[in-house]
Structures are given as structure tokens and as C-alpha cells.
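The values are calculated or read from the model by the stated rules, or taken from the named source; none is laboratory data. Keep in mind the model is a prediction, meaning the values are calculated, not measured. Glycine gets a Cβ as well: all are built from the backbone with ideal geometry, and neighbour counts include every protein chain shown. Just so you know, the surface numbers come from the protein's heavy atoms only, side chains and all, with ligands and any DNA or RNA stripped out. Shrake-Rupley method; radii C 1.70, N 1.55, O 1.52, S 1.80 Å.
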Amino acid sequence: QVQLVESGGGLVQAGGSLRLSCVASGRTFSSYAMGWFRQAPGKEREFVGSISWAGYSTYYADSVKGRFTISRDNAKNTVYLQMNSLKPEDTAVYYCAADDTWEPLATMGSRDLEVWGQGTLVTVSS
């Protein structure tokens, strides 16, 4: 099984940038599509975006499209979430998740994924 650990969260002013990292254990990382999700206090978990196993395809929620970029480095077993032009409404705990279903990236937010990281907190001040 794969295990995921997120890092890179912190406090940033609106308009600033952060890059989150998700490091996976195991030798099967490159076989998984990966997704980023976030959850604000008292809110439902929200899909942020996803990336295919080879990194050639990505999909983003409308709320972050044009501001966030997902990439991956399979040699390092790492997926990244580059967050630019951050807004206060981006404040949340961000989680990465692994998807071995080969379902379309756009559907990842509506499916129950099995493997999740512990989350990293991003706080955007106004």
C-alpha cells in the first residue's frame, strides 16, 4: 500500500503563493493518479484538482483554475500543488489522495478514494 505525507502549508497573505508537496511511499506511486482536496472548518471536503499517473493530464475545480497548478515527479514519489494568487477562501486543510481506479480525472471529486495523507494547513489572511 502507498502512504502519503503532505507538507508546505502555512500562513500567507492574500495574493501570495505556496507550494504543497505530497510524498508517497512504496514502489507503485507512478501507477496512481493523484488528487488534491481541501476542507475548511465546518465545511465539506472539496475537490481541488487531479493529475494522471504520468503527469500529462490535469483537471482543476473552477474555484482554483488558473491559480493552482498540479505537477508530479515520479522519480521522487512526489506530487505538488503550486498555489498562486491565494484568496482567504482558499484557507483549509489540504489533503492529497491516491487513485488507482483509472477513472476520469474529472470524476475524482465524487469518488471515495482509499489512501489519504494527514493534511497540511493553509491559512490565507485578508
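Please determine, by comparing only the residues of the range 79-114 that are in a strand (DSSP E or B) and of a type in the set (Val, Ile, Thr), which one is nearest to the chain's Cα centre (by Cα). Per the stated criteria, the residue is 79. Looking across the range 36-50, the residues that are of a type outside the set (Gly, Ala, Ser) and buried (at least 20 other Cβ atoms within 10 Å of the Cβ) come down to 36, 37, 38, 47, 48. Filtering the range 97-122 to residues that are among the charged types (D, E, K, R) and open to solvent by less than 70 Å² (accessible area, probe 1.4 Å) leaves 99, 111.
The one condition from (1) more than 21 Å from residue 126 (Cβ to Cβ); (2) among the acidic types (Asp, Glu); (3) open to solvent by less than 70 Å² (accessible area, probe 1.4 Å) that residue 90 does not meet is (1).
Regarding residue 1, is this residue modelled with pLDDT under 90 and either within 15 Å of the chain's Cα centre (by Cα) or not basic (Lys, Arg) (or both)? When the stated conditions are applied, residue 1 passes them. Filtering the range 65-76 to residues that are open to solvent by 20 Å² or more (accessible area, probe 1.4 Å) and out of contact with any helix residue (DSSP H, G or I) (no Cβ under 7 Å at 6 or more places or on another chain) leaves 65, 66, 67, 69, 71, 72, 73, 75, 76.
If you go through the range 41-59 and keep only what is closer than 20 Å to residue 112 by Cβ, part of a loop (DSSP other than H, G, I, E, B) and among the small types (Gly, Ala, Ser), you end up with just 52.
One line per residue, one yes/no per condition, for (1) crowded, with 21+ Cβ neighbours inside 10 Å; (2) touching a Lys or Arg at 6+ places or on another chain (Cβ under 8 Å):
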{"position": "13", "(1), (2)": "no, no"}
{"position": "52", "(1), (2)": "no, no"}
{"position": "61", "(1), (2)": "no, no"}
{"position": "78", "(1), (2)": "no, yes"}
{"position": "95", "(1), (2)": "yes, yes"}
{"position": "124", "(1), (2)": "no, yes"}
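Going through the range 84-109 one residue at a time, which ones are closer than 15 Å to residue 51 by Cα and not charged (D, E, K, R)? Those that are closer than 15 Å to residue 51 by Cα and not charged (D, E, K, R): 95, 96, 97, 98, 101, 102, 104, 105, 106, 107, 108, 109.
Of all residues in the range 15-31, those being open to solvent by 50 Å² or more (accessible area, probe 1.4 Å) and in contact with a Phe, Trp or Tyr (Cβ under 8 Å, 6 or more places away or on another chain) number 2.
Determine, yes or no, whether residue 62 is without any contact (Cβ under 8 Å) to a residue 12 or more places away in the chain and out of contact with any helix residue (DSSP H, G or I) (no Cβ under 8 Å at 6 or more places or on another chain). In short, yes.
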